[in-house]
Amino acid sequence: MIAAGMVAVMCLFLAGCEKGPNFREFVYPAPVVEDFYPKQGYIGSDITIEGADFGDAVNAVKVYFGGVLADTVRTVEDSRIVVQAPENGMSGILTIEIFGKRDTTSQAFVYLPSARIVAVDAEMAAVGDEVTITGENFGNDPSLVQVFIGAEEVQIVSVSPTEVRFTVSDVPSGSIILMVDGQRLTGPFLLVGIEKLSGTLIGHAGSWGGNPATEITAAVDGDITTFIDGPGNPSYVGYDLGDGKAAVLKSVRYVPRASHPVRMVDAEIRASNDPSLSDYVVLHKITETPPVGVYTEVAIDTEEAYRYIYYFAPVGNGNIAEIEFYGNIVEQ
């Protein structure tokens, strides 16, 4: 009886697995491309493709620019795809592939030559100064060009295919950002109304293992691959600005030792007018691990002038790759 029952159950199961008259096998429809815009653009431009049956699965969509697969599909809707023109793409027909099924545009997308910054004629400037950016493919239309110092937009004086001139406004120091017809180009850091401070180098003596390459000079050599590795803790490095001089510190830029960035946490930017450095003020404390390989800039909020400015590390053997101080020198 048990065996006969099992046979009956198996028969019912097998019968249920057969394709009945109402069985429908789902087949994903082929995408239909109707149009795209803009018809020309730059590396990194966002291109919108319109059509039907695109679905909404971003990972299922592939877009080819002249046969080169785009690496960034931003959004997908059933009738709209937004994709970024890839760096190595070529002018030509766009091909859209979804689950192995393809359609193409009827017109070609044309890559325009990308803008490029070659040089900036100033590292520091006063409010009202004119600064010139030289480069390539800036165009002639000022309405398509913007210049920023950090987050603040400044006034453009003139635009040509190889040159953009702008006037320095009363803004904080920062990197020059040039926008050309939607392209974002990052230029060098511009000091506004302040200068890079220097003087007699001060700091702890020696290094771990007596290595001359990791003494305090490594933090001010302009090379982010070299670093301080002090003989112990605490450690410090900075400047004595000299007799009769002091500075109002406005900003500091620093880079950690690439292999040990966490060692900068709890370090401080200090200032003093006491030659022994026993009497000091803390102008900034580092509370988070800074990124490696790039400068971190910190604004300093003080109106007081100090002769001695320095980086102080209670732990971590002073592991810092670069430290730069910026401000205004005042005579005392």
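The values are calculated or read from the model by the stated rules, or taken from the named source; none is laboratory data. Note that the structure is predicted; figures quoted are calculated from it, not measured. Note: ideal-geometry Cβ built from the backbone for every residue, glycine included; neighbour counts use all protein chains shown.
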Of the numbered conditions (1) surrounded by 14 or more Cβ atoms within 10 Å (Cβ to Cβ); (2) closer than 23 Å to Thr134 by Cβ; (3) not basic (Lys, Arg), Ser158 fails exactly one; give the number of that condition. (1)
Within the bounds of the range 316-329, is there any residue that is surrounded by fewer than 16 Cβ atoms within 10 Å (Cβ to Cβ) and without any contact (Cβ under 8 Å) to a residue 40 or more places away in the chain? no
Only one residue in Ile224, Ile228, Ile216, Ile194 is touching a residue at least 60 places away in the same chain (Cβ under 8 Å) and touching a Lys or Arg at 6+ places or on another chain (Cβ under 6 Å). Which one? Ile194
Yes or no: Ser276 of a type in the set (S, T, N, Q) and free of Cβ contacts under 8 Å to residues at least 12 places away in the same chain? yes
Which numbered condition Met124 fails, given (1) modelled with pLDDT of 95 or more; (2) among the aliphatic types (A, V, I, L, M); (3) touching a Lys or Arg at 6+ places or on another chain (Cβ under 9 Å): (1)
Looking at (1) surrounded by fewer than 22 Cβ atoms within 10 Å (Cβ to Cβ); (2) under 25 Å from the mean Cα position of the chain (by Cα), which is the only condition Tyr280 fails? (2)
Of everything in the range 191-235 that's part of a helix (DSSP H, G or I) and within 26 Å of the chain's Cα centre (by Cα), which residue is surrounded by the fewest Cβ atoms within 10 Å (Cβ to Cβ)? Val220
Matching residues in the range 201-248 - criterion: being in contact with a Leu (Cβ under 8 Å, 6 or more places away or on another chain) and of a type in the set (A, V, I, L, M): Ile216, Val220, Val237, Leu241, Ala247
Given (1) within 30 Å of Gly187 (Cβ to Cβ); (2) in contact with a Gly (Cβ under 9 Å, 6 or more places away or on another chain), number of the condition Tyr326 does not satisfy: (2)
Under the condition of being β-branched (Val, Ile, Thr) and surrounded by fewer than 17 Cβ atoms within 10 Å (Cβ to Cβ), which residue from the range 301-315 is nearest to Thr217 (Cα to Cα)? Val315
Subset of the range 292-321 (residues that are part of a strand (DSSP E or B) and closer than 17 Å to Thr225 by Cβ): Thr296, Ile320, Ala321
Can Phe148 be described as part of a strand (DSSP E or B), more than 26 Å from Arg307 (Cα to Cα) and under 27 Å from the mean Cα position of the chain (by Cα)? yes
Given the criteria over 14 Å from Ile269 (Cα atoms) and surrounded by fewer than 19 Cβ atoms within 10 Å (Cβ to Cβ), does Val298 qualify? no
Filtered residue count, the range 322-332, keeping only those that are of a type outside the set (Asp, Glu) and either at pLDDT 90 or above or outside any strand (DSSP E or B) (or both): 5
Test set (1) surrounded by 14 or more Cβ atoms within 10 Å (Cβ to Cβ); (2) more than 18 Å from Ser173 (Cα to Cα); (3) within 23 Å of the chain's Cα centre (by Cα) - Thr287 fails condition number: (1)
Anything in the range 242-290 that is closer than 16 Å to Asn317 by Cα and β-branched (Val, Ile, Thr)? List them, or say none. Val255, Val262, Val265, Ile269, Ile286, Thr289
In the range 156-178, residues that are assigned to a strand (DSSP E or B), of a type outside the set (Lys, Arg) and over 17 Å from Gly193 (Cα atoms) total 9
